[in-house]
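Quick notes on the structure that follows.
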Amino acid sequence: MDKQVFSYVNELMKVLSERGDARAVVEKFLNILRSEVVFDNVAAYLQDAESGTLEIVYARALGRAKDAEADAAWGENIAAQVMAKTQLLIQEPETVSLTEDRIRQAYLLGLPLRIDGVVNGALVFVRFGGPAYTDGHIAVATLGAELLSVLFERRSWRNANSELNELKQHIQLQDDFVSTISHELRTPLGFIKGYSTSLLREDTSWDVETQKEFLTIIDEETDRLSLLIENVLESARLQSKTLPLRFQPLRLDAVIRDVSARIRSRYRELDISLDLDSSTTTQADGVRIAQVFENLFTNAVKYAPGAALIVGLKKVGNSLIVTFTDNGPGIPAESLPMIFERFYRVRSENATGTGLGLYICKQIIEAHRGKIWAESNPGQGTTFFIELPIIQGS
Ligand code: ADP
């Protein structure tokens with residue numbers, strides 16, 4: 001084989017295996033091709049897998065008539081014909097006029113692009129005002145189209161592969177979610193079923209005290225189940241970002257007072273003191289912010305029982321900082337980074353919970369472009385911090 005031809009083909013192949021931006025690779029490739037097949041414009045069309053329409057994946061004017069670059073539609077017609085006939089096509093002007101504008105005398109060469117052995121696109125060259133394509137030019141252009149097909153095929157495999165990986169991750173998340181949730185649902189259901197079956201047994205009679213005890217368990221487990229379902233639905237909505245936030249002018253000190261009054265009436269033994277040092281108004285969703293505070297209050301009731309709770313509010317720069325400090329048992333250092341994750345729970349104690357509470361808080365605060373975090377000294381207590389940017393009303 002001619003050594004020169006061999007090194008030329010080699011050069012083309014080398015470009016094809018270069019990594020990096022596909023457009024830059026195609027461009028480099030066509031520049032090398034152009035040293036053997038002179039052309040003014042070139043465009044590559046591929047059929048879109050979903051819509052079936054021909055789309056320009058690459059278009060460039062390299063020589064004369066650069067203005068025509070924007071209008072890559074010039075090759076669409078011949079590309080469609082190449083696709084329909086699945087073969088190389090040449091279109092040349094019927095009459096050659098020396099006086100006519102060269103741009104109007106297009107010499108077109110269209111070559112099929114194949115992916116997986118099926119023609120699904122075309123590479124189209126144009127020369128304005130000739131000369132006509134020789135057999136030599138056609139042979140090199142054909143080789144070029146075959147090699148470009150390899151490049152496009154590889155790109156489509158790569159895309160398919162990354163889509164597949166994303167899908168796999170998604171399925172894994174869903175699997176984890178389903179197994180955790182079915183476990184969480186089964187526990188209260190098991191109690192409800194067990195105690196109601198016991199109560200219904202005809203061979204045993206329970207005294208009133210025991211009946212009441214069983215019914216209380218059924219009642220509590222039903223609450224736990226409905227809380228779980230509610231939280232799961234809420235966290236799913238938050239995860240898909242479909243939870244609408246209604247921003248309105250809001251004073252956090254007022255919200256904290258409101259929620260703490262509600263909590264005080266529910267848990268009379270809870271020792272709450274408020275240290276509210278700012279009455280700044282910001283834009284936020286009052287219902288959602290109240291939900292976050294309520295969750296932090298009930299967590300203190302559940303996980304720091306009997307402890308004193310101090311709720312603080314102050315303005316620092318352009319933010320409002322809310323703190324919930326309890327002197328309860330605290331959170332172990334290794335658990336601290338995980339408590340805001342979905343389903344994470346530190347202890348398997350009696351306190352009912354789903355491990356969704358703090359996750360939901362985090363989603364709500366982040367939707368307000370704020371931050372939430374916790375600091376804790378085991379044995380001494382925990383502080384939850386919320387930082388919300390002050391948003392002025394419009
Ligand atoms: P749950 O629904 O289980 O209450 P959360 O997401 O609200 O879930 O809380 C996650 C974990 O963080 C809880 O299981 C608990 O162990 C821990 N936690 C939350 N608040 C406190 C607190 N004030 N003191 C100690 N531990 C806490």
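The values are calculated or read from the model by the stated rules, or taken from the named source; none is laboratory data. These numbers were taken from a predicted model, which means no experiment stands behind them. All Cβ positions, even for glycine, are placed from backbone atoms using ideal geometry, and neighbour counts span all protein chains on display. For the accessible areas, the whole protein counts, side chains as well, though only heavy atoms, and no ligand, DNA or RNA atoms are used. Shrake-Rupley method; radii C 1.70, N 1.55, O 1.52, S 1.80 Å.
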Over the chain, what relative contact order in percent results from Cα pairs under 8 Å that are six or more residues apart?
10 percent
May I ask for the angle, rounded to the nearest 10°, between helix 286-303 and the longest principal axis of the chain, with both axes built from Cα atoms and the value confined to 0 to 90°?
50 degrees
In whole percent, the fraction of accessible protein surface over the range 20-60 that belongs to carbon or sulfur atoms, probe radius 1.4 Å, stands at 45 percent
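Tally Lys and Arg at +1 and Asp and Glu at -1 over the other residues with C-beta under 10 Å from the C-beta of residue 322: what net charge comes out? Provide the component values of the computation, followed by the final result.
Details: positive: 314; negative: 253, 387.
Result for the neighbourhood of residue 322: -1.
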Hey, could you pull the Cα Rg and Dmax for the range 164-239, both in Å?
17.9, 60
Farthest toward positive dipole pole in the range 3-158 [+1 Lys/Arg, -1 Asp/Glu at C-beta], among 20, 91, 49:
20
Computed on alpha carbon atoms, what radius of gyration and Dmax characterise the chain, expressed in Å?
35.1, 113
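Write down the percent of antiparallel bridges among all DSSP beta bridges whose residues are both part of the chain, to the nearest 5.
In the chain, DSSP labels about 90 percent of beta bridges as antiparallel.
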Point-charge dipole on Cβ atoms (K/R +1, D/E -1) for the chain, about Cα centre, debye to 20
720 debye
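Show me 148-155, 22-29, 175-182 ranked by packing, highest mean number of other Cβ atoms within 10 Å first. Don't skip to the end; give the middle numbers.
Working: 148-155: 18.6, 22-29: 16.0, 175-182: 12.2.
So the peptides 148-155, 22-29, 175-182, ranked by packing, come out 148-155, 22-29, 175-182.
Between residue 319 and residue 158, what's the calculated FRET efficiency when r is the beta-carbon distance and R0 is 45 Å? Round to 0.05. Intermediate results must be reported in sequence, preceding the final value.
Values: r = 44 Å, r/R0 = 0.97.
Working from the Cβ atoms, E equals 0.55.
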Using alpha carbon centroids, what distance separates the range 193-216 and the range 217-252, in Å?
32 Å
How high is the relative contact order of the range 3-158, given as a whole-number percent (alpha carbon pairs under 8 Å, six or more residues apart)?
23 percent
Note the angle between two axes, namely the Cα long axis of helix 135-200 and the longest principal axis of the Cα atoms of the chain, as a number of degrees from 0 to 90, rounded to the nearest 10.
10 degrees
Selection from 80, 276, 217 lying farthest towards where the dipole of the chain points positive, charges on Cβ
276
Ranking 150, 136, 200 by how far each Cα lies towards the positive end of the charge dipole of the range 110-201 (+1 on Lys and Arg Cβ, -1 on Asp and Glu Cβ), the top one is 200
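Given the Cα-Cα distance of residue 344 and residue 237 and 0.36 nm per residue of separation, how much length would full extension add, in nm? Walk me through the numbers on the way to the answer.
Numbers: separation 107, 0.36 × 107 = 38.52 nm, distance 1.84 nm.
Here the segment from residue 344 to residue 237 would lengthen by 36.7 nm.
Taking R0 as 45 Å, what's the FRET efficiency between residue 275 and residue 212 from their Cβ-Cβ distance, rounded to 0.05?
After rounding, the FRET efficiency stands at 0.60.
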Degrees between helix 76-85 axis and first principal axis of the chain (Cα, 0 to 90, nearest 10):
90 degrees
Calculate for the chain the 222 nm mean residue ellipticity that helices alone would give, adding -39,500 (n - 2.57) per DSSP H run of length 4 or more and normalising by residue count, nearest 500 deg cm²/dmol.
-16000 deg cm²/dmol
If you stretched the chain out fully between residue 177 and residue 383, how much longer would it get, using 0.36 nm times the residue separation minus the C-alpha to C-alpha distance?
71.3 nm
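Under unit Cβ charges (Lys, Arg +1; Asp, Glu -1), what dipole magnitude, rounded to 20 debye, does the range 164-239 have relative to its Cα centre? Walk me through the numbers before you get to the answer.
Values: 7 positive and 15 negative charges, 63 e Å.
The calculated dipole for the range 164-239 is roughly 300 debye.
Counting heavy atoms of the protein chains only and a 1.4 Å probe, report the per residue accessible area for the chain as a whole number of Å². Before the final figure, lay out the partial values.
Working: 22660 Å² over 394 residues.
Per residue, the chain has an accessible area of 58 Å².
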I want to check the label-to-label distance for residue 139 and residue 227. Put each point 7 Å from Cα in the C-beta direction and report it in nm to one decimal.
8.2 nm
Charges only on Cβ, +1 for Lys and Arg, -1 for Asp and Glu: so what's the dipole of the range 248-389 about the Cα centre, in debye to the nearest 20?
300 debye
Work out, step by step, the length gained on full extension between residue 73 and residue 87: first 0.36 nm times the residue separation, then minus their alpha carbon distance; give nm to one decimal.
3.0 nm
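Can you send over the carbon and sulfur percentage of the accessible area for the range 254-337, probe radius 1.4 Å, protein chains only?
50 percent
If R₀ is 30 angstrom, what is the calculated FRET efficiency for the pair residue 267 and residue 287, using the beta carbon separation as r and rounding to 0.05? Walk me through the numbers before you get to the answer.
On the way: r = 21 Å, r/R0 = 0.71.
Rounded to the nearest 0.05, the efficiency is 0.90.
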With all protein chains modelled, accessible area of residue 206 [1.4 Å, Å²]
80 Å²
